[in-house]
Amino acid sequence: MLALSTFSFFAHAHDFHTSITDIKYNPRTQSLEVAVKVFTDDLENVLSRKNKVKVTYSNSEKVNTYLSAYLQNTLSFETTKGKPLKYKLVGSEEESDAVWIYVEVPVSTPNLQQLYVKNAVLTDLFEDQMNIVNINYKGKIESMLLQKDDAVKAFNLK
C-alpha cells in the first residue's frame, strides 16, 4: 500500500523514474502472473523512440505489438540461468497517469528453486531508472531493486 501511494505521489512530480513489477506464482495454471506498472508518458516516449513513430497509449493491437516487442528485449525470466522462459503479453490498462502491463509466464515445474529476473524496462530512457520487483511465491514474498547496470537478479525461492 505504501509503495502504491508513494508511486502515486511521485507521479505528479515525475522527477522520479521508477516502475513496479509484481510477480505471483499461480499453482493452478503453473505460471507466473506478472504486472508491471510504468508511467504512461514514459511508456509512450520509449515506444515512440523504438518504433520511430509517435505512439499514444491505447489498448490497441498496434500498441500491444510495440509493447510486446519492447518487453521481449527488456524483461525476462529464467529458472535455469541462460534459458529464458517464453511468455505472452496478456494485456494492459491505463490507471490515472500510469499503465499496468500484464504478462503470463508458464513454468514447467511446481517447485521453483530460483528465479532470475531481468527488468531493464525504461533503463534505455533514463539513467536513474529504478525497477522495483516483488515476488510472491507460495506465500514467500521477496523484493529487490533493479537498475541500469544491475538489471538481473536471482531470487531464491527455497
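Quick one: which of LYS54/LYS138; LYS52/LYS138; LYS88/LYS158; LYS62/LYS158; LYS50/LYS140; LYS52/LYS158 span more than 32 angstrom between C-alpha atoms? List each step's numbers first, then the result.
Values: LYS54/LYS138 42 Å; LYS52/LYS138 42 Å; LYS88/LYS158 26 Å; LYS62/LYS158 40 Å; LYS50/LYS140 36 Å; LYS52/LYS158 44 Å.
Listed pairs above 32 Å: LYS54/LYS138; LYS52/LYS138; LYS62/LYS158; LYS50/LYS140; LYS52/LYS158.
How large is Rg over Rh for the chain, taking Rg from the Cα atoms and Rh as the Kirkwood inverse mean of 1/r across Cα pairs?
Ratio of gyration radius to Kirkwood radius: 0.95.
Output wanted: per-residue J couplings in Hz (rounded whole) for the range 63-68, from phi through Karplus 6.51 cos²θ - 1.76 cosθ + 1.60, θ = phi - 60°, x for Gly and Pro.
Taking θ as phi minus 60°, the curve returns 5, 5, 5, 4, 5, 4 Hz for the range 63-68.
In a shell of Cβ-Cβ distance under 10 Å around ASN134, excluding ASN134 itself, what net charge do Lys and Arg (+1) and Asp and Glu (-1) give?
Values: positive: LYS24; negative: ASP22, GLU142.
So the surrounding residues net to -1.
If we count every other residue with Cβ under 12 angstrom of ASN45's Cβ, Lys/Arg +1 and Asp/Glu -1, where does the sum land? Don't skip to the answer; put the middle values down first.
On the way: positive: ARG49, LYS50, LYS54; negative: ASP41, ASP42, GLU44, ASP124.
Its environment carries a net charge of -1.
Please identify the GluC sites (Glu not before Pro) of the range 67-139 that satisfy two criteria: DSSP loop assignment and at most 14 other Cβ atoms within 10 Å. Which are they?
Details: sites: GLU78, GLU93, GLU94, GLU95, GLU104, GLU127; in loops: GLU127.
Taking the range 67-139 and a limit of 14 other Cβ atoms within 10 Å, the loop GluC sites (Glu not before Pro) found are GLU127.
When Lys and Arg each count +1 and Asp and Glu each count -1, what net charge do the other residues less than 14 Å away from THR65, Cβ to Cβ, add up to? Numbers along the way, then the final one.
Details: positive: LYS50, LYS62, LYS88; negative: GLU61.
So the environment of THR65 carries a net charge of +2.
How far, in nm, would the chain grow between ARG28 and LYS140 when pulled straight, counting 0.36 nm per residue and subtracting the alpha carbon separation?
38.6 nm
Read the figures in this text as sums done on the coordinates, not as results from a lab. Since the structure is predicted, the reported quantities are computational estimates derived from the model, not experimental observations. As a convention, Cβ positions derive from the backbone with ideal geometry for all residues, glycine included, and neighbour counts pool all protein chains shown.
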